[in-house]
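The values are calculated or read from the model by the stated rules, or taken from the named source; none is laboratory data. Values in this document were obtained by computation on a predicted structure and should not be read as measured data. Don't worry about glycine lacking a Cβ; one is built from the backbone with ideal geometry, like all the others, and counts go over all protein chains shown. Accessible surface is based on the protein model in full, side chains and every heavy atom, while ligands, DNA and RNA are left aside. Shrake-Rupley method; radii C 1.70, N 1.55, O 1.52, S 1.80 Å.
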Amino acid sequence: MNRRCANRWLRNVAYTSAVCLVALGFLMRRGAFHAAAAHRIGLEQAEKIALSEVPKGRVGVEEFHHPGERLAWTIDVRVPHSTEIREIEIDAATSRVLAMRTETAKEEARELAMGNGLPNGKSSTH
């Protein structure tokens with residue numbers, strides 16, 4: 001009886017190990033571990049980079065996301081003495097500015113209404 005239990009236990013351990021290895025291989029192939037390891041800059045650093053692009057600007061909506069295989073921060077910075085908002089996308093691994101576009105207050109309001117960020121605060125995606 002003990003031998004039968006031991007064999008069953010070994011079979012279960014082997015099966016579970018095989019399933020875990022397959023899942024790990026799948027995740028590594030998809031780049032999940034590579035992407036997590038590549039996340040080198042945090043929100044504070046991303047804000048500093050964004051504010052260096054818009055001197056005297058004020059940080060608005062912030063979002064951490066992963067377009068494709070890349071991890072990135074998107075930070076909205078309000079331009080001083082203007083209704084314009086600069087949306088700055090920063091690569092989280094390299095700290096490089098990937099894209100910058102200017103939005104009007106209307107476009108930003110429309111984006112917020114669609115649920116792409118939270119007003120005057122941090123997005124729920126980071």
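Below, the figures for the structure above:
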read-out: Filter pass, Glu89 being open to solvent by 40 Å² or more (accessible area, probe 1.4 Å) and closer than 15 Å to Glu44 by Cα; value: yes
read-out: Pick from the range 65-86, criterion open to solvent by 50 Å² or more (accessible area, probe 1.4 Å) and under 14 Å from Ala105 (Cβ atoms), ranking: nearest to the chain's Cα centre (by Cα); value: Arg86
read-out: Any chance Glu62 is open to solvent by less than 40 Å² (accessible area, probe 1.4 Å) and in contact (Cβ under 8 Å) with a residue 60 or more places away in the chain; value: yes
read-out: Cβ-Cβ under 6 Å pairs, at least 6 apart or on other chains, the range 97-126 side closer than 19 Å to Glu84 by Cα, far side at pLDDT 70 or above and open to solvent by 80 Å² or more (accessible area, probe 1.4 Å); value: Ala105/Thr83
read-out: Helices (runs of 4 or more DSSP H) contained entirely in the range 9-126, each with at least 1 residues that are modelled with pLDDT under 90; value: 32-38, 105-113
